[in-house]
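One structure is given below, encoded as structure tokens.
FYI, it's all coordinate maths here, none of it is from the lab. Just so we're clear, the structure is a prediction, and the values are computed from it rather than from any experiment. Note: ideal-geometry Cβ built from the backbone for every residue, glycine included; neighbour counts use all protein chains shown.
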Amino acid sequence: MDATQQDVAPLPHELPEGVLEALEPTVVTQWRLESLWRAGVLLVVLLFGVVPAAGLGMGAGAILAILLLLVLLMGAVVLWYPRARHRRFRFAVDQRFLYVRDGVLVHREKVIPVSRMQHVDIQRRPLERLLGLASLSVHTAGGAGATFRLPGLAPARGEELRSRILAAKE
Amino acid sequence: MAEHEAAPGARGETVLAEGRLHPATLLLRLAALARRFVIFAVIVAIQMARGEGGGFWALFFALALLVAAGTALVDYLHYRYRLTTRELQITRGAISRRERRIPVDRIQDLSSVRSPLHRLLGVVKVTVETASGGREAEADIDAISPADADRLREALQRVGGAAPEAAEVGPDEPLLRLGTGALLLRGLTDNRAGLLLGGAAYLLDAALDVTGVDPLESMQRVLERVVGTAASTNLLVLILAGGVVALAVLAVGWILSALATWLRFHGFTLVERDGVFQRRFGLLTTQAHSLPRRRIQALRIEQTWLRLLVGVAVMRTDNAGSAAEGSREAASRSVFVPAGRPDHLAALVPTILPGADLQDTPWARTSPKIVRRFAVRGLVLGAAVGAVALFFVGPVALTALLLAIPFAAAGALALRRLGYALDLEHLRVRWGIVGLYRAVVPLRAVQSVELRRSPFERLQGLGRIVLHVAGGASVTVPNLPLADARTLLVRLGRGAADHPFVL
């Protein structure tokens, strides 16, 4: 790779909006359903914890109020957070790197050199298949945190990205 | 050493080495059982002395011992190991055969461990280490004859798996040899008091029941005699007595811990041969480990505040196994050199990672805003504590807000320590508040780089860089002004792309 090309390689936040891609809007639905499921499980667990608390002398009214508050909070998170995440999520792939910019509370800019990608898979979990989405799994060497998932892709786009990365590796 | 001829294996694979356990294994298993059951036996004896169902426990204990001994015999009779060109197979079990298969290219090291009993019986325990084993070995063969162990190691070397381990230290000049002083310093600055306190508590309790003598009471009487006055203020003397006992226990535990470290690492020697580092240590139990340079993903020199004071440091490495496709490597942070003078260890760095040097580093500084961040944390903590204390001591509780001051001081100390340096080959990072921690990461080890900004960091225009290396470990450079963080992100990304990753 010649020097000029290297120097031109931009910083993730400098990549023009055209180059940076967003995820499919359907992914918001996927995330909402996933977080709804998780919130539901949490609610059930809390219910089992709260009922004995009634025995501790807390008034039924207070317990109900707390439960209502929790439900409202979880509802807000389920509705708001996925959309906020989608708005923040941007990525780009070039000859040398995969750039990802995401995170709602903690902003994150991630750079993965193509040369470190040991393999790249397309994954379609049941919910993703239902919604017509796919995700790209990028594996680097090392441990639990080494696999990066790029969700919310149109299947065709996912395959295209995968081919591009594999071609760039040669 | 007789040549072991390759023979066709069950599936037509070439078998390079195979064997069974040495008969001495039975004695070793018996000894291990005895060790484990000693603690049990002591507890049973104490329970019997207390008069709490001793007979039942003794019977249960005897039965358990019998079952364990029988299991050990059966295991010995059916244990087989076999090395083919592709994997190491360990098969055991009589009724249900369990087969452990470790691909050759995942084997990072075949270490040998010899306890005094091993040496007495003339056997060696071979531990198979892969990256995903973490601190424990993936498998071990306990025990085989040294000749079989050498044969196994040579066969593995031929297949290109593990690094060779020298039978003798050889004519090479050791890179490092540790004396008793350094090891004792390391042991004395360890922190294992908690475990011993637990044991001590049980013993004190049992002593009371068994002997009918309250150790605290007897201490109190001794103190009375020493102090010379009648213990009119019982509470005070009791507290003093309790304090003395606790201190005594801690002191004994401290010394025992130091002794244990000295025993474990006695005679530590570090040698390099053909890009492989070999470490030998141990007095009662001797161990030999090898680590190829290319598997080192990060090198750390660490000193807690106590070690800084005393002038001893510990060198650790983050390692990774082979780059087999699709393998899940786990982080394995291991102690590379257990103790040493910080300047000696720093001088070793260029030998371990050529091109890296911790001695004259032009450390780049981070943002002074960290002092404010720490102060805010102190303020928040003070407010929380004060709010609670308000109910107990009234408005005086507001002085808790003054916590911001020591926190700010900690922030200033942290700022003084924080530094980073990125050159063409390595990233060096320095941090700590009262301790000193340094890390060197070769750019070939970098797997991905992240720039993270929490809401507070965003508010202050700061960010942190998190670097992931193979094996799952990571190195963080915190408290960076945003522009510096972004520059570092790009330079690290490019640096990683410019250096191929090879294991």
Which order do peptides A:132-141, B:466-475 fall in by mean Cβ count within 10 Å, highest first?
-> B:466-475, A:132-141
Could you work out the mean count of beta carbons from other protein chains within 10 Å of each residue's beta carbon in A:75-86?
-> 0
Ranked by Cβ crowding within 10 angstrom, fewest neighbours first, how are B:Glu425, A:Glu109 ordered?
-> B:Glu425, A:Glu109
Computed E for B:Leu77/B:Val38 - FRET, C-beta separation, R0 22 angstrom, nearest 0.05 = 0.25
Note: B:Val393 to B:Asn234 extended length (0.36 nm per residue) minus current alpha-carbon separation gives 54.5 nm
What residues qualify as long-range amide H neighbours of B:Gly435, i.e. H under 5 Å apart, gap of 5 or more or another chain, H built at 1.01 Å from N?
-> B:Trp305
Lys and Arg at +1, Asp and Glu at -1: add these up for the other residues within a Cβ distance under 11 Å of B:Gln460 and post the number.
-> +4
Lys and Arg at +1, Asp and Glu at -1: add these up for the other residues within a Cβ distance under 13 Å of A:Arg125 and post the number.
-> 0
Pop the C-beta distance of A:Ser35 and A:Arg87 into the FRET formula with R0 = 22 Å and round what comes out to the nearest 0.05.
-> 0.90
Normalising by the residue count of the stretch B:403-486, find the relative contact order in percent from Cα pairs under 8 Å and 6+ residues apart.
-> 19
Under 5 Å between amide H atoms, partner at least 5 residues away or on a different chain: which partners does B:Gly340 have, H built in plane at 1.01 Å?
-> B:Ala313
Label B:Thr91 and B:Phe61 with points 7 Å out from Cα along Cα→Cβ: what is the distance between them in nm?
-> 4.0
Simple label model, 7 Å out from Cα along Cβ direction - A:Ala168 to B:Leu283, nm = 5.7
Karplus-derived HN-Hα couplings along the stretch B:72-81 (A = 6.51, B = -1.76, C = 1.60, θ = phi - 60°), whole Hz, x at Gly and Pro = 4, 5, 4, 4, 4, 5, 10, 7, 9, 10
Footprinting proxy, A:Lys169, B:Lys369, B:Lys125: sorted fewest to most Cβ within 10 Å, the residues are A:Lys169, B:Lys369, B:Lys125
Computed from the beta carbon distance with a Förster radius of 30 Å, FRET efficiency for A:Phe48 and A:Trp80 to the nearest 0.05 stands at 0.65
Within the stretch A:15-45, find all residues whose amide N lies under 16 Å from a label point positioned 7 Å from the Cα of A:Glu160 along Cα-to-beta-carbon.
-> A:18-25
State, to one decimal in nm², a quarter of the convex hull surface area for the C-alpha atoms of the stretch B:362-453, i.e. the direction-averaged projected area.
-> 7.7
Which of the peptides B:141-152, A:38-49 is most tightly packed, and how do the rest follow, judged by the mean count of other Cβ atoms within 10 Å per residue?
-> B:141-152, A:38-49
Inter-chain shielding metric for B:437-449, i.e. average beta-carbon neighbours from other chains within 10 angstrom, reads 3
Exposure proxy check: B:Ile405, B:Ile301, B:Ile102 ranked by fewest other beta carbons within 10 Å?
-> B:Ile405, B:Ile102, B:Ile301
Determine ³J(HN,Hα), in whole Hz, for all residues of the stretch B:93-109 in sequence, where each value follows from phi through the Karplus function 6.51 cos²θ - 1.76 cosθ + 1.60 and θ = phi - 60°; x replaces Gly and Pro.
-> x, 9, 7, 10, 6, 9, 10, 9, 10, 10, x, 4, 6, 8, 7, 8, 6
Average partner chain C-beta neighbours within 10 Å, per residue of A:113-119?
-> 6
If each of A:Gln123 and B:Thr14 carries a label point 7 Å out from its Cα toward its Cβ, how far apart are those two points in nm?
-> 3.9
Summed residue charge, Cβ within 12 Å of B:His78's Cβ, Lys/Arg positive, Asp/Glu negative = +3
